[in-house]
Amino acid sequence: MERRGLRATTSTKGRAEVEFFHSVNVDWLGKKWYFLAFSLIFSVAGVISMGWQWAHIGSPVPLGVDFRGGTEVTVQFAEVPNVNRIRQAIDAQGIKGADISTIGNPADREVVIGLPEQMNEKALDVGRSDIESALRSHYTTNFIVRSVDVVGPTVGHQLEKQAALATFYSLIGMLIYLWFRFQLIYGVAAVVACFHDTLITVGAFSLASLFGFNGLELSLTVIAAILTLIGYSMNDTIVVFDRIRENLRLSRREALPNLVNRSINQTLSRTVLTSGLTFLTVLSLFIFGGQVLKGFSFALVVGILIGTYSSIAVASPMLVAYQEWRAKRGRAMALPAAKRGRS
Amino acid sequence: MKKNLKNKVALIIAVLVIFLYGIFGAPSGVTGKDLLQSVRNRIHLGLDLQGGAHLILQVQVADAVNAETDNTIQDIEQQMKKANLTFSQVIKPDPNKPDTIQVQGTAPVQSSGVDTLLDGSRYADEYDVSSGLNNSWTLTMKPIYERDLDQRTVVEAIATITDRVDALGVTEPQIAPYGLGANQILVELPGISDLDRVKTIIQSTARLEIHAVVSGPFPSQQAALTSAGNALPADEEILPATGELAGTGGGDAYYILQRIAIVAGSDFRSAEPGVNQNTGQRTVNFTLTDEAGDKFWDYTSANVGKSMAVVMGGTVREVATIQSGIRDSGEITGSFSPDEVTMLSKLLRTGALPASLNYIEATTVGSTLGADSIREGVTAAIVGVLLVWGFMLVYYKSSGINADLALFLNLVILLGFMGFSQATLTLPGIAGVILTIGMGVDSNVLIFERIREEIRAGKAAAAAVDQGFAHAWTTILDTHVTTIVSAAILFLFGTGPVKGFATTLTFGLAANLFTAVYVSRVIFEAHLNRLRPGEMVSI
């Protein structure tokens, strides 16, 4: 087995190349049981964590105020805020059940004051104005209200439903496109891989909060991030599938596991490069993007890693498994070659 | 350079110029400040970037249904009396069902008469009529009519809020039905981050009031005060007059009015422009609610010959002498211009919302948070782009320049699109831009890796480039279409910020198909033309 890492080569025509992977020959499919074990461990850990969270906080993942409902007032103080003092001010106003926490760096001097969901829509705005007047009477002008979110009980559920539908429809849309461009099994394998990625990413949110990372909540923007990672994961999978389709046309006699391995290896340098570069941009978002985009970029940081992994370790082995299952059932040995597409 | 290639380069430069225009428009100057200002005029910032309020209001349509059935009850009582039909009472038996009316205690011998009256065309269009136990009749509003009424109520509420917001000069407000829930309204007010202020705007009292006139007109406030012996009673007030009224006195006019209005704001049910049958003068015809009508009747009957003043926004608009008792409708006459009549009837209507509103979601972003978000988002985008640019140059050498140019053009086209389409740039939108960069890089990497493969397989420069593009194209097309499909679905089903994200992602991917494939190809061709025979491309 020949495997090379980063190298600078001088090839026949005197060209110096910087390359990460050149003629790698890894038997990916031979490792499918390891992959299965890895995926299972993370999926199951995520599911268990979600179950645990459900029992303790009432939802599988901490929800942002837009889904959960309730009131959140973000305040920036002129000096480093003292949570105890703020609590006194809030208590003095007679506000019950307020949740006060600092966010971001201490240097940001920001505090989020949250109130639980109000079942009575008319009482919604009262909590918000009570918080503001409590602060005003204790701090006069030493603070600015950065943002206010007041979400009623009905809106959150409407959004939840809408987000679930959007995810579902986008998967169906992609399945149909792949069915049209390749074959049904390719679409199914790609969608299963995406589902795997979504499950593990949402599980990561659940686990992160279980281990005490604050501020990672499932909000509307995080849903956008999850849909993006589905797009990216799909992208990676299609690149590999495209190569499989091309190789199937060129060498019809090659055993499928071999051919799939070869296709993954041929596209490996592209996969690593692209994922690495997108990872860089997302990482810069995570570092410089500020508090508002924290959850969004966290989802993408996890999602890009897992999406790259799944196109190699989940989607491609599924194609081979399907083929072997067909062979066992005595069906034609014909490969699930793509029906359409040029090149 | 071949002629064909020249045309291609010309096309690319034309595209570049067009989209640069999209970003900057025709700038008033070339200093940094002028350019920044022209960009701001073209590309609109979302609420999360410039600060503002985002509200979702629930219209309590039951109010409108209640008002409608109240009206019908009154009408039924009158009609039954007129037709000499016996009944004990007409009521709404269940307070939780505002759409159900019951006529109780009718006489069995008159049942056919009652049936004819209730099931006649007067009510049958709106209600399903059935007879029940104990000589009672039930009228239930038809679901289709109720739905129609709900819709009209929401449309009216939107018009009312729009009027109020417009009157206060908020720039680029958005007031529209909100698709996710029934009878909900979305209100977005850029630049206003104080929720209390927002509430005063929406619940602003552009109220119409009718007050009793104590005395007037006076040429000045002081004159009015003097006439009252310099001591105005607590239940009276002095208000100025505007428009025609003020003009007639050859200057300002002031009236002393009773402080408490006879009828006001929500007492008005509607107001329409009309024409007086006798004089041909334009009028505003108004109707009052039943309760206010009774009140108005009592007052006007007892005060024939005295004057009333129509007051709005703290000024007297019209003074009229009471000719006779008025119950629930009347006309406001005056030498109004057509515009004034429409205006008055419109403003009168903004005096009353058709139903009460509940706030079910309110989000505000302060302008400081918005400014921080822009800075952080733009920093992240710039750092991301620089990292990618640097890496491409190191990894692909001269061809890296090619990829970097394509990426740059991609960003220009994307921002130009935003400028042309008046799309709004939101924080998730900036994230969409960053993800577009990622996809753009992917296309370049796909092509370049493929070209390297072809070179390794021993192909000559031109053939390797040709084959590299041909093979990569299928993959690029598939990956872009799938992502655009998911972005489009996101756009269709998403709201607000998510929509902004989907917009930039879709635009960016479309632009990328042009830059990463077409532009990059042209640059390669230009490069290939300059190579000596046998020389290889730098990749």
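No value in this document is a laboratory result; all are computed from the given coordinates. Every value quoted in this text rests on a predicted model; they were computed, and no experiment measured them. For neighbour counting, all protein chains shown are included, and Cβ atoms are generated from backbone atoms with ideal geometry for every residue, glycine included.
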Once you wrap a convex hull around the alpha carbon atoms of region A:228-301, what is its projected area averaged over all directions, in nm²?
-> 5.2
Given the options A:Val148, A:Val239, A:Val320, state which has the largest fluctuation in a GNM of chain A using a 10 Å cut-off (strictly under) for Cα springs.
-> A:Val148
Would you calculate, for the protein assembly as shown, the mean residue ellipticity at 222 nm contributed by helices, counting each DSSP H stretch of 4 or more residues as -39,500 (n - 2.57) and dividing by all residues, to the nearest 500?
-> -19000 deg cm²/dmol
In Å³ and rounded to a whole number, note down the convex hull volume per residue for the Cα atoms of region B:62-144.
-> 83
Would you mind checking which residues have amide H under 5 Å from B:Val214's amide H? H placed 1.01 Å from N; only 5 or more apart, or other chain.
-> B:Ile256, B:Leu257, B:Gln258
Quick one: Cα convex hull volume of region B:364-511, Å³ per residue?
-> 99
Whose amide H sits under 5 Å from the amide H of B:Tyr178, counting only residues 5 or more places off or on another chain, with H placed in the peptide plane?
-> B:Gln184, B:Ile185, B:Leu186
Which of the aspartates and glutamates could a cross-linker span from B:Lys3 if the Cα-Cα distance has to be under 17 Å and same-chain partners fewer than 8 positions apart are dropped?
-> B:Glu525
With everything on Cα atoms, drop me the angle between helix A:32-57 and the longest principal axis of chain A, reported from 0 to 90° to the nearest 10.
-> 20
Residue span B:Leu393 to B:Arg40: 0.36 nm per residue of separation minus Cα-Cα distance leaves a gain in nm of 123.8 nm
Which entries of B:Lys397/B:Lys459; A:Lys294/B:Lys499; A:Lys31/A:Lys328; B:Lys92/B:Lys142; B:Lys199/B:Lys499; A:Lys31/B:Lys459 show an alpha-carbon separation above 23 angstrom in the structure shown?
-> B:Lys199/B:Lys499; A:Lys31/B:Lys459
Sequence-distant or interchain residues sharing an amide H contact under 5 Å with A:Leu63, placed H: which?
-> A:Leu218
Hey, what do the phi angles of region B:98-110 turn into as Karplus ³J(HN,Hα) couplings, whole Hz, using 6.51/-1.76/1.60 and θ = phi - 60°, x for Gly and Pro?
-> x, 9, 10, 10, 10, 9, 10, x, 7, 7, x, 5, 9
Where does chain B land on the Kirkwood hydrodynamic radius, alpha-carbon pairs, in angstrom?
-> 29.6
Using alpha-carbon coordinates, inclination of helix A:124-139 to the longest axis of chain A, degrees | 60
For the charge dipole of the protein assembly as shown, defined by +1 on Lys and Arg C-beta atoms and -1 on Asp and Glu C-beta atoms about the Cα centroid, which residue among A:Thr278, A:Gln291, A:Ala78 has the Cα displaced farthest towards the positive pole?
-> A:Thr278
One finds the C-alpha centres of region A:228-242 and region A:198-217 to be spaced, in Å, by 24
Projected convex hull area of chain A, Cα atoms, direction-averaged, in nm², equals 22.7
Cα-Cα pairs in region B:354-414 separated by more than 19 Å, as a whole percent of all pairs, come to 57
How large is the dipole of the protein assembly as shown about the Cα centre if only Lys and Arg carry +1 and Asp and Glu carry -1, each at its Cβ, rounded to the nearest 20 debye?
-> 5740
Semi-axes a, b, c in Å (a largest) for the protein assembly as shown, each sqrt of 5 times a Cα gyration tensor eigenvalue, come to 66, 33, 28
